[in-house]
Amino acid sequence: MYDSIIIGSGPAGLTAAIYNSRAAMKVLCIEGNTPGGQLMLTTEVENYPGFPKGITGPELMKLFRDQAERFGTEFISKDATKVDFSGAVKKVYVGDEVYESKTVIISTGSKAKWLDVPGEKEFQSKGISACATCDGFFFKGKKVIVIGGGDTAMEEATFLTKFAEKVTVIHRRDELKASKIMQQRAFENPKIDFIWNTTVEEFTGTTKLEAVTLHNLVTDERTHMPIEGAFLGIGHVPATKIFEGHVDMDEKGYIKRTTHSMTSVPGVFVSGDVYDHRYMQAITAAGMGCESAIDAERWLAEHHSLFKTE
């Protein structure tokens, strides 16, 4: 029987593990088949406080994990496959194995939507990014594209004009889906151009991204466009499949909070990008991991009688 099971091992999950373990709780972190969260795809992290010279995403997550392990967190490097939150004791399944806990913290994060075209995986973090706030600084004076037509894409494009020489928005339709205010900001920005009715078919380069192949959906014409950076602005998908029907979610599948960091189920808490689709930063995720850990510890202290045995 664990005091806390944490599902997920990005900044939110590992911060929760650090706090709960340091509070002398018995903690299990089910870190997944691909531990570390989205930062494992980030080469340089320069905006996380305490690292004035920067640090790579994988290095930062290793430090998080080492710290949690130092305080006694146990780890399982497999994916959680099923949950049962119906009783006072919560159950989390990893294949055929079942683990029981008095509290659960969901920190499974979200993943950026990708185009799934040739060259995309090869040049991730080598010119291709899904986070302008994270990586825009590295594209000072460069020509970049933003793919998408919604609020996310317009926010990315507008933010990138602080650094890039030119930002070209590639959109598969002939009009934007973004809110009117976001459209206006983009249209009025002299650094932003638009290419309509067009998709990206391929990313190319040698050691880093150098060009894209564009397909005009109206003329069927294909063109080769030299670029130095590409940002995906087509949204994110929360990793909440196994929690469907167990906790309340919004229409996009993000888990809702009720009181502080608690979900609709008492004793089950949520932190990080699986709840937050506004900020999606390592430091905000870590902060929410701290919140959920403290909330879980306090809730357990207040409801300890639920778990007394004869």
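Values in this text are rule-based calculations from the coordinates and carry no lab data. Bear in mind the structure is a predicted one, so any value in this text is a computation, not a measurement. A quick note on method: Cβ atoms are made from the backbone with ideal geometry, for glycine too, and the neighbour counts reach across all protein chains shown.
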(message) In Å and on Cα atoms, what radius of gyration and Dmax does segment 114-232 show?
(response) 13.1, 39
(request) Starting with the fewest neighbours, write out PHE269, PHE243 ranked by other beta-carbon atoms found within 10 Å of each beta-carbon. (result) PHE243, PHE269
(request) Give me Rg over Rh for the chain, both radii from the alpha carbons and Rh done the Kirkwood way, two decimal places. (result) 1.03
(message) Below 8 Å between Cα atoms, with a sequence gap of 6+, how large is the relative contact order for segment 81-196 in percent?
(response) 17 percent
(request) Please give the peptides 289-296, 217-224 ranked by average Cβ packing (other Cβ atoms within 10 Å per residue), highest first, as a rough proxy for protection. (result) 289-296, 217-224
(request) Only Cα pairs under 8 Å and at least 6 apart count here; give the relative contact order of the chain as a rounded whole percent. (result) 21 percent
(request) Please state the charge dipole magnitude for segment 114-232, taken about the Cα centre, from unit charges on C-beta atoms (+1 on K and R, -1 on D and E), reported in debye and rounded to the nearest 20. (result) 380 debye
(request) Using the Cα centre as the reference, give the magnitude of the dipole from point charges on the C-beta atoms of the chain (Lys, Arg: +1; Asp, Glu: -1; all else neutral), rounded to the nearest 20 debye. (result) 460 debye
(request) Determine which aspartates and glutamates satisfy two conditions relative to LYS78: a Cα distance under 14 Å, and not lying fewer than 8 residues away in the same chain. (result) GLU31, ASP96, GLU97
(request) Please turn the phi angles of segment 79-87 into ³J(HN,Hα) values with the Karplus equation 6.51 cos²θ - 1.76 cosθ + 1.60 (θ = phi - 60°), one per residue in order, whole Hz, x for glycine and proline. (result) 7, 5, 10, 6, 9, 9, 9, 6, x
(message) I'd like the distance separating the alpha-carbon centroids of segment 116-153 and segment 1-41, in whole Å.
(response) 29 Å
(message) Quick test of your reading: applying the under-4.7 Å Cβ rule, which cysteines of the chain are isolated?
(response) CYS29, CYS290
(request) Take the Cα pairs of segment 1-103, get the Kirkwood Rh, then feed it into Stokes-Einstein at 25 °C and 0.890 mPa s and tell me D in µm²/s. (result) 173 µm²/s
(message) Give me a comma-separated list of calculated 3J(HN,Hα) values for segment 183-194, in order, Karplus coefficients 6.51, -1.76, 1.60 applied at θ = phi - 60°, integers in Hz, x for any Gly or Pro.
(response) 4, 4, 4, 5, 5, 7, 7, x, 7, 9, 10, 10
(request) Would you please give the residues with an amide H less than 5 Å from that of VAL169, counting only those at least 5 places away or on a separate chain, with H modeled from the backbone geometry? (result) VAL146, ASP193, PHE194, ILE195
(request) Could you sort out which of LYS82/LYS256; LYS53/LYS140; LYS166/LYS208; LYS26/LYS241; LYS177/LYS208 sit more than 21 Å apart by Cα distance in this structure? (result) LYS26/LYS241; LYS177/LYS208
(message) I'd like the Karplus ³J(HN,Hα) series for segment 156-168: coefficients 6.51, -1.76, 1.60, θ = phi - 60°, whole numbers in Hz, and an x wherever there's a Gly or Pro.
(response) 4, 4, 5, 4, 5, 5, 5, 10, 6, 6, 8, 10, 10
(request) Sticking to Cα atoms, compute the Rg of segment 193-310 to one decimal and its Dmax as the biggest Cα-Cα distance, whole number, in Å. (result) 22.4, 76
(message) Quick check: pseudo-label points 7 Å beyond the Cα along Cα→Cβ at GLN183 and ASP250, how many nm apart are they?
(response) 2.2 nm
(request) Return the long-range amide H neighbours of ILE6 (sequence gap of 5 or more, or a different chain), with a cut-off of under 5 Å between placed amide H atoms. (result) LEU28, CYS29, ILE30, ILE105
(message) In segment 53-177, if the dipole is taken from +1 on Lys/Arg beta carbons and -1 on Asp/Glu beta carbons about the Cα centre, which of ILE106, GLN124, VAL89 is farthest to the positive end?
(response) GLN124
(message) Please report the antiparallel percentage of DSSP beta bridges with both residues in the chain, rounded to the nearest 5.
(response) 45 percent
